[in-house]
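Novice: This is the structure I have questions about; it appears just below.
Laboratory data are not the source of any read-out in this text; all were calculated from the coordinates shown. Source: prediction; values computed, not measured. We place every Cβ from the backbone using ideal geometry, glycine too, and count neighbours over all the protein chains shown.
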Amino acid sequence: MSKLYYLSNLLPVFLLFFFCLKTQLFGANLGVAAPVWEAALHLCRYFEDPSVELRGRRVIELGAGTGVVGILAARLGAEVTVTDLPLALPQLQANVSANVPPAGWPSAPPVVLPLCWGEDHLTFPSDWDLVLCADIVYLPETYPLLVETLAHLCKNGAVVYLSSKMRTEHRTQSFYEEHLQSRFDVELVLRDDKQNNNIYRASKRAEE
Ligand SMILES: C[S@@+](CC[C@H](N)C(=O)[O-])C[C@H]1O[C@@H](n2cnc3c(N)ncnc32)[C@H](O)[C@@H]1O
């Protein structure tokens, strides 16, 4: 499929998302789960890269917030599960419902489920093709839990894409260089200097 085809398809999809998501934001009580973060938009744009195949793939998103990344992946043909803390799920479900494509979901409607890193990851299977993460590396106390969760989800070879604003105050770099690299092969695939946003691809090493 040509790049032009992707771009012409994505533009209306983006416009639709921002309109619908805006109408669905639950605001005040949701804290960081309420807005669409820049890192999510970077990851959505990265879906245009020909190396990222979504159609027909089994995908799980962690810390989905508004769900923009997972919903776009589902609209591009992936079979998606979007997850977040229980508090964020009503907004997530409402955004999924507000973004049904006119012709229906190409594969299946995104499934919305609670997943708190390091707590209930073991209730999820390990047979994903892709794990998506946008701006979820910002709480140093959760970094070991996040690695534990990713290691479980990727047991059978899933590839992880993580888009991160590289915040010094949150030691984001240390997550990638110390925590994640202890169990995964990690590659920086895209950097936006202006917005200080990195996208990494990671695959679990077969050491366990
Ligand atoms: C900065 S927001 C990013 C939201 C969305 N991915 C985006 O980029 O627009 C971080 C998300 O991680 C979720 N989160 C924070 N701690 C979590 C935890 N321990 N387990 C699961 N999700 C968590 C928050 O609820 C929030 O939705």
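Novice: Given (1) crowded, with 22+ Cβ neighbours inside 10 Å; (2) part of a loop (DSSP other than H, G, I, E, B), where does Gln91 come up short, assuming only one miss?
Specialist: (2)
Novice: Let me ask you something else. Could you tell me which of the residues Leu146, Leu150, Leu132, Leu139 is within 16 Å of the ligand (Cβ to nearest atom), surrounded by fewer than 17 Cβ atoms within 10 Å (Cβ to Cβ) and touching a residue at least 24 places away in the same chain (Cβ under 8 Å)?
Specialist: It is Leu139.
Novice: Additional query: Mind checking which residues of segment 175-208 are touching an Asp or Glu at 6+ places or on another chain (Cβ under 9 Å) and among the basic types (Lys, Arg)?
Specialist: Listed by number, the residues that qualify are Arg183, Arg201, Lys204, Arg205.
Novice: Mind telling me which of the residues Leu115, Leu87 ends up being in contact with a His (Cβ under 9 Å, 6 or more places away or on another chain) and not small (Gly, Ala, Ser)?
Specialist: Leu115 is the lone residue from the list that is in contact with a His (Cβ under 9 Å, 6 or more places away or on another chain) and not small (Gly, Ala, Ser).
Novice: If a residue must be over 16 Å from Tyr200 (Cα atoms) and under 10 Å from the mean Cα position of the chain (by Cα), how many such residues does segment 34-59 contain?
Specialist: Residues flagged as over 16 Å from Tyr200 (Cα atoms) and under 10 Å from the mean Cα position of the chain (by Cα) within segment 34-59 amount to 1.
Novice: Okay, moving on. Check Leu122 against each of (1) in a helix (DSSP H, G or I); (2) closer than 26 Å to Asn198 by Cβ; (3) more than 9 Å from the ligand (Cβ to nearest atom) and name the one condition it does not meet.
Specialist: (2)
Novice: Of the conditions (1) over 21 Å from Val189 (Cβ atoms); (2) more than 12 Å from the ligand (Cβ to nearest atom); (3) of a type in the set (Phe, Trp, Tyr), Phe175 fails just one. Which one is it?
Specialist: (1)
Novice: Would you be able to tell me the number of residues in segment 62-88 that are more than 14 Å from the chain's Cα centre (by Cα), without any contact (Cβ under 8 Å) to a residue 40 or more places away in the chain and either part of a helix (DSSP H, G or I) or under 19 Å from Leu153 (Cβ atoms) (or both)?
Specialist: Looking only at that region, the number is 1.
Novice: Name, by its number, the condition in (1) part of a strand (DSSP E or B); (2) within 11 Å of the ligand (Cβ to nearest atom); (3) exposed (fewer than 15 other Cβ atoms within 10 Å of the Cβ) that does not hold for Arg191.
Specialist: In the conditions (1) part of a strand (DSSP E or B); (2) within 11 Å of the ligand (Cβ to nearest atom); (3) exposed (fewer than 15 other Cβ atoms within 10 Å of the Cβ), Arg191 misses (2) alone.
Novice: Where residues in segment 41-59 are out of contact with any helix residue (DSSP H, G or I) (no Cβ under 6 Å at 6 or more places or on another chain) and among the hydrophobic types (A, V, I, L, M, F, W, C), which of them is farthest from the ligand (Cβ to nearest atom)?
Specialist: So, considering only residues that are out of contact with any helix residue (DSSP H, G or I) (no Cβ under 6 Å at 6 or more places or on another chain) and among the hydrophobic types (A, V, I, L, M, F, W, C), the one farthest from the ligand (Cβ to nearest atom) is Val52.
Novice: So, one more: Check off (1) touching a helix residue (DSSP H, G or I) at 6+ places or on another chain (Cβ under 7 Å); (2) more than 9 Å from the ligand (Cβ to nearest atom); (3) of a type in the set (S, T, N, Q) for Thr66 and give me the number that stays unchecked.
Specialist: Of everything listed in (1) touching a helix residue (DSSP H, G or I) at 6+ places or on another chain (Cβ under 7 Å); (2) more than 9 Å from the ligand (Cβ to nearest atom); (3) of a type in the set (S, T, N, Q), Thr66 misses just condition (2).
Novice: Please verify whether segment 167-184 includes one or more residues that are assigned to a strand (DSSP E or B) and buried (at least 18 other Cβ atoms within 10 Å of the Cβ).
Specialist: yes
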